[in-house]
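Remarks on the structure that follows.
The values are calculated or read from the model by the stated rules, or taken from the named source; none is laboratory data. What you are looking at is a predicted structure, and each value in this text was computed from that prediction instead of being measured. Neighbour counts run over all protein chains shown; Cβ positions are idealised from the backbone, glycine included. With ligands, DNA and RNA removed, areas are computed over all heavy atoms of the protein, side chains included. Shrake-Rupley method; radii C 1.70, N 1.55, O 1.52, S 1.80 Å.
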Amino acid sequence: MSTNPEASPAHRPDRTLWVIAAVLIVAFLAIVWIANRKQPELAARTAKTGWPLTKEQQSVDFQTADLTFDVQPNNHRIDGRATLGFLVKAPIAKLQFDLDPELPIESIAADGQALQKSAWKNDGGLVTVNLPATKNAGDRLSLTIVYGGHPHVAKRAPWDGGIVWSQTKQGKPWVATAVEGEGCDLFWPCFDNSMVEVGTVTQHVIVPAGLAAPANGRLLGVDKLSDGRTRWNWEARRPNNYAIAIDVAPYKIAKTTYESRFGYRMPVDFWYLPGEEKQAQNLLAEMVQTIGFFEATVGPYPWWDEKMGVVETPHLGMEHQTINAYGNTYKSAPEGFDWLMNHEFSHEWFGNQLTNADWDDMWLHEGFGSYMQPVSLAWLNGRMGYDAAMFKQRQTIANKYPIVSGKHQTEEEVYNPKTGPGGDIYVKGSWVLHTLRGLIGDQAFWTAVRREVYGRPDPRPGNFQPRFGSTNEFEAIAGQEGHRNLKWFFDVYLRQAHLPRLVTTRQGTSLNLQWQTPKGLPFPMPVEVDVDGQRQVVPMTSGRGTVTLPNSNSVVTVDPESKILRQNDAIDRYRDDQAKKKPKS
Ligand SMILES: [Zn+2]
């Protein structure tokens with residue numbers, strides 16, 4: 001707002017004061033209104049992610065998304081313009097996409113031709129657009145959607161997601177998005193299903209002067225607008241829908257170049273808040289070390305042609321492809337690493353390169369992602385770090401729901417511990433992998449992981465594409481690499497809630513072992529036993545085995561290296577006691 005030059009203080013002091021007072025009051029009321037505005041409940045469809053694709057959505061290839069976000073931190077608003085490009089595979093007269101109905105659509109154009117308002121409707125989050133003419137296989141279709149409003153504010157990001165309007169210590173805007181649980185439709189028009197990865201996503205993020213907007217992929221450039229704002233242009237290859245993120249703050253950047261064992265060089269960027277240079281440089285050094293470790297252990301960094309990017313966020317974290325959210329406040333840890341940075345970074349392989357074919361397979365993201373922290377610790381500090389981390393994870397396994405249900409699930413159904421496995425996809429998933437590795441050996445295990453992630457055992461930059469994977473596929477691959485049928489293993493560990501129990505009885509010089517499983521399922525899991533310091537393996541082919549001991553005083557340790565995930569009375573009692581102590585809410 002500019003003041004009228006005629007009303008200079010010398011001539012009209014009273015009026016000027018009134019104007020200033022009025023402006024202050026309006027500004028104050030606007031802030032109060034924004035702070036107290038009750039946000040509407042999300043529409044049922046918008047609140048969840050992973051809806052089956054409609055017939056029309058299955059009839060197109062979603063190839064490009066060009067997204068402009070005009071981010072207005074002061075009034076908690078985003079105005080968007082999205083141009084979505086499709087290759088038609090089967091005739092369609094209409095097309096649907098998902099968008100939060102709280103972000104009203106101002107206009108839609110099909111192939112550049114503006115449509116009448118009656119040509120589209122947003123029905124509870126599913127927008128249907130009637131096309132001006134039927135499109136046939138081989139045709140291209142471009143939809144430009146202009147929309148805007150107040151995007152859903154996260155209640156507890158990243159768990160109850162949305163947009164986070166925060167402020168830095170200096171009172172500057174600090175904005176982030178985290179929508180894994182609800183999906184991309186919270187701020188852009190998309191197909192809200194993990195099986196849809198757009199070929200190329202271009203973002204143009206417009207922010208007020210003095211703010212930066214790191215995003216997914218490669219930076220194409222920053223434009224200065226005539227009003228002082230800046231537009232940050234980025235391009236990303238095959239990002240997950242929920243990985244597309246907006247991050248805005250007065251960021252500074254710590255950067256270096258990574259030289260890969262696979263022969264490429266890549267920028268490594270950490271976007272941090274002013275005043276944290278030292279911590280930022282430390283984390284940057286750890287990031288470089290971490291890429292090297294993951295490449296040596298799993299395989300090439302999937303986005304070797306873009307960047308490794310991490311951005312400081314007001315929420316804990318999220319695996320936003322090539323721009324991972326980091327909100328762990330540089331906490332020191334006796335383990336000697338930043339678990340959060342490590343965990344989110346693991347998702348570049350387990351989540352972004354390998355994406356679950358259905359959310360029912362979400363342990364492929366979180367179980368593998370969580371197993372990489374103990375593995376990283378073994379590499380950093382030796383066995384103690386690995387064992388300590390595994391023991392910590394073991395204590396939080398709930399065993400209330402199977403990790404995999406075998407039917408289509410939304411992310412919410414899997415993640416909510418009242419309807420699905422919840423945290424078990426992390427910790428039990430990690431322990432299942434630990435047990436599998438013990439069973440089939442390191443080489444078979446890591447080759448199986450590599451094949452699952454890249455679709456081939458010999459990944460090199462340029463010879464693989466992002467892919468979708470399922471539990472059944474990994475079961476088959478692990479079986480091939482381990483040279484045995486592993487159905488029994490995955491049936492008991494992933495498709496049953498309860499753990500197998502190893503019943504051991506000792507009579508004189510006879511030690512009897514027997515597996516008990518839910519529904520009496522077969523479980524020929526071999527068990528290592530140390531007898532007076534001598535290791536032996538009990539094959540347990542029919543689920544039972546006997547060890548003859550040298551004498552009745554022999555010292556026996558069953559599973560001396562804790563290789564096998566199994567029911568444990570002490571942990572169950574401990575968990576029960578902990579649950580009783582928790583205040584009832
Ligand atoms: Zn995770």
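Summary table below
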{"quantity": "Residue check for ILE564: over 23 Å from ASP361 (Cβ atoms), outside any helix (DSSP H, G or I) and either open to solvent by 20 Å² or more (accessible area, probe 1.4 Å) or touching a residue at least 40 places away in the same chain (Cβ under 8 Å) (or both)", "calculated": "yes"}
{"quantity": "Any pair with Cβ under 8 angstrom, 6 or more apart, that starts in the stretch 282-295 at a residue that is touching a residue at least 40 places away in the same chain (Cβ under 8 Å) and ends at one that is in a helix (DSSP H, G or I) and among the hydroxyl-bearing types (Ser, Thr, Tyr)", "calculated": "THR290/SER376; PHE293/SER376; PHE294/SER346"}
{"quantity": "The listed residue being acidic (Asp, Glu) and surrounded by fewer than 18 Cβ atoms within 10 Å (Cβ to Cβ), out of GLU412, GLU481, GLU475", "calculated": "GLU412"}
{"quantity": "Counted residues, the stretch 376-391 - those being within 16 Å of the ligand (Cβ to nearest atom) and open to solvent by 10 Å² or more (accessible area, probe 1.4 Å)", "calculated": "1"}
{"quantity": "Residue match in the stretch 317-329 (condition: more than 20 Å from ALA243 (Cα to Cα) and either more than 16 Å from the chain's Cα centre (by Cα) or not polar (S, T, N, Q) (or both))", "calculated": "yes"}
{"quantity": "Leading residue by the ranking (nearest to the ligand (Cβ to nearest atom)) among those in the stretch 333-369 that are in a loop (DSSP other than H, G, I, E, B), in contact with an Asp or Glu (Cβ under 8 Å, 6 or more places away or on another chain) and of a type in the set (D, E, K, R)", "calculated": "GLU348"}
{"quantity": "Those residues of the stretch 105-126 which are in contact (Cβ under 8 Å) with a residue 24 or more places away in the chain and out of contact with any Pro (no Cβ under 7 Å at 6 or more places or on another chain), in sequence order", "calculated": "ILE105, GLU106, SER107, ILE108, ALA109, ASP111, GLY112, LEU126"}
{"quantity": "Cβ pairs under 9 Å, 6+ apart, first in the stretch 327-340 and within 16 Å of GLY309 (Cα to Cα), second in a loop (DSSP other than H, G, I, E, B) and open to solvent by 90 Å² or more (accessible area, probe 1.4 Å)", "calculated": "ASP338/LYS331; LEU340/LYS331"}
{"quantity": "Test: residue in the stretch 179-189 that is of a type outside the set (Asp, Glu), in contact with a strand residue (DSSP E or B) (Cβ under 9 Å, 6 or more places away or on another chain) and open to solvent by 20 Å² or more (accessible area, probe 1.4 Å)", "calculated": "no"}
{"quantity": "Qualifying residues in the stretch 190-216 (those that are at pLDDT below 95 and over 14 Å from LEU126 (Cα atoms)) - the one surrounded by the fewest Cβ atoms within 10 Å (Cβ to Cβ)", "calculated": "MET195"}
{"quantity": "Test: GLY138 is out of contact with any Leu (no Cβ under 6 Å at 6 or more places or on another chain), closer than 28 Å to LEU115 by Cα and surrounded by fewer than 18 Cβ atoms within 10 Å (Cβ to Cβ)", "calculated": "yes"}
{"quantity": "Residue ID - farthest from the chain's Cα centre (by Cα), chosen from residues in the stretch 51-62 that are of a type in the set (S, T, N, Q) and not in a helix (DSSP H, G or I)", "calculated": "SER59"}
{"quantity": "Subset of the stretch 390-418 (residues that are small (Gly, Ala, Ser) and at positive phi)", "calculated": "GLY406"}
{"quantity": "Check on THR396, in contact (Cβ under 8 Å) with a residue 24 or more places away in the chain, within 16 Å of the ligand (Cβ to nearest atom) and open to solvent by 40 Å² or more (accessible area, probe 1.4 Å)", "calculated": "yes"}
{"quantity": "Entirely in the stretch 452-544, the strands (runs of 3 or more DSSP E) that have 3 or more residues that are in contact (Cβ under 8 Å) with a residue 60 or more places away in the chain", "calculated": "467-469"}
{"quantity": "Residue in the stretch 146-159 that is part of a loop (DSSP other than H, G, I, E, B), among the β-branched types (Val, Ile, Thr) and open to solvent by 10 Å² or more (accessible area, probe 1.4 Å) present", "calculated": "no"}
{"quantity": "Where a residue in the stretch 205-228 is on the phi > 0 side of the Ramachandran plot and its partner, wherever it lies, is open to solvent by 40 Å² or more (accessible area, probe 1.4 Å), with Cβ under 6 Å and at least six apart", "calculated": "GLY217/GLU235; GLY228/ALA209"}
{"quantity": "Test: residue in the stretch 417-424 that is surrounded by fewer than 22 Cβ atoms within 10 Å (Cβ to Cβ), within 16 Å of the ligand (Cβ to nearest atom) and at pLDDT below 95", "calculated": "yes"}
{"quantity": "Residue under evaluation GLN373, criteria (1) away from the ligand (no atom under 14 Å from the Cβ); (2) at pLDDT 95 or above; (3) within 30 Å of GLY275 (Cβ to Cβ), criterion not met", "calculated": "(1)"}
{"quantity": "Qualifying residue in the stretch 293-304 (condition: over 23 Å from the mean Cα position of the chain (by Cα), under 23 Å from PRO239 (Cα atoms) and either within 16 Å of the ligand (Cβ to nearest atom) or among the charged types (D, E, K, R) (or both))", "calculated": "no"}
{"quantity": "Meets criteria (of a type outside the set (D, E, K, R) and closer than 22 Å to PHE187 by Cβ) for ALA109", "calculated": "yes"}
{"quantity": "Residue, farthest from GLY455 (Cα to Cα), within the stretch 309-336, restricted to residues that are touching a Ser or Thr at 6+ places or on another chain (Cβ under 7 Å) and not small (Gly, Ala, Ser)", "calculated": "PRO314"}
{"quantity": "In the stretch 434-448, the residues that are without any contact (Cβ under 8 Å) to a residue 40 or more places away in the chain, open to solvent by 20 Å² or more (accessible area, probe 1.4 Å) and under 27 Å from the mean Cα position of the chain (by Cα)", "calculated": "ARG437, ASP442, THR447"}
